[in-house]
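Quick notes on the structure that follows.
The values are calculated or read from the model by the stated rules, or taken from the named source; none is laboratory data. Just so it is clear, the model here is predicted, and its values are computed rather than measured. Heads up, the Cβs are rebuilt from the backbone with ideal geometry, glycines too, and the neighbour counts pull from every protein chain shown.
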């Protein structure tokens, strides 16, 4: 498992479990008309838009000493509060998750283990604001990437490095510079993407 392309072992984390990863996002309340001269109600179900998804993950954080424990916890907290969405890749899942920390981290100190190790249990409550998207990864060797997109509604391009942009219209050119492996995501009403062509340096994850 990685957080922004960094293996969680860097933060002294041992992964325990997650809930919500496979939950079906709730459908947003559709448009409803309650006509006074008609029976029942008239519901627009032509398009189903999804609510954000909540994902909870539990870990054990272990430090070799009190100072190492405090350092690793501080590094984790700093990483989770960086600009943009966190790109989290769970083991056994092909697609990454673009999440943000939606609640404070409240470590439960376990105490000292063998050889002066210090450990705590912590829970990361994350939110996936865009549960529907198209995902890509940079190719190896990493090069500058580009593609052309045509869309009838605004599409968010999250470049997976804290930078995002919005495209709308026909034959919109998109490009970004990378020096290391990254995931990229397209969010919005992705069914309104009529064309995605001239893709260079990227492979779509299906």
Evaluation of residue 109 against (1) over 20 Å from residue 164 (Cα atoms); (2) in contact with a strand residue (DSSP E or B) (Cβ under 7 Å, 6 or more places away or on another chain); (3) touching a residue at least 40 places away in the same chain (Cβ under 8 Å) (one fails), failing number: (3)
So residue 99, is it in contact with a strand residue (DSSP E or B) (Cβ under 6 Å, 6 or more places away or on another chain), in a strand (DSSP E or B) and surrounded by 19 or more Cβ atoms within 10 Å (Cβ to Cβ): yes
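Here are some residues: 198, 171, 194. Which one is within 16 Å of residue 150 (Cα to Cα) and surrounded by 11 or more Cβ atoms within 10 Å (Cβ to Cβ)? Walk me through how you get there before you give the answer.
Values: 171 fails: surrounded by 11 or more Cβ atoms within 10 Å (Cβ to Cβ); 194 fails: surrounded by 11 or more Cβ atoms within 10 Å (Cβ to Cβ).
Of the residues listed, the single one that is within 16 Å of residue 150 (Cα to Cα) and surrounded by 11 or more Cβ atoms within 10 Å (Cβ to Cβ) is 198.
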Residue match in the stretch 99-118 (condition: within 30 Å of residue 46 (Cβ to Cβ) and assigned by TED's automatic domain parsing to the domain that holds residue 55): yes
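Output the residue which, of all residues in the stretch 5-49 that are assigned to a loop (DSSP other than H, G, I, E, B) and closer than 18 Å to residue 76 by Cβ, is nearest to the chain's Cα centre (by Cα).
Narrowing the stretch 5-49 to residues assigned to a loop (DSSP other than H, G, I, E, B): 5, 12, 20-26, 28-31, 34-41, 44-49.
This time we only want the ones that are closer than 18 Å to residue 76 by Cβ, so: 5, 12.
Working: 5: 12, 12: 21 Å.
Looking at the filtered set, the residue picked out is 5.
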Lone qualifier among 99, 109, 122 - being within 16 Å of the chain's Cα centre (by Cα) and within 23 Å of residue 9 (Cβ to Cβ): 99
Of the criteria (1) surrounded by 16 or more Cβ atoms within 10 Å (Cβ to Cβ); (2) part of a strand (DSSP E or B), which one residue 110 fails: (1)
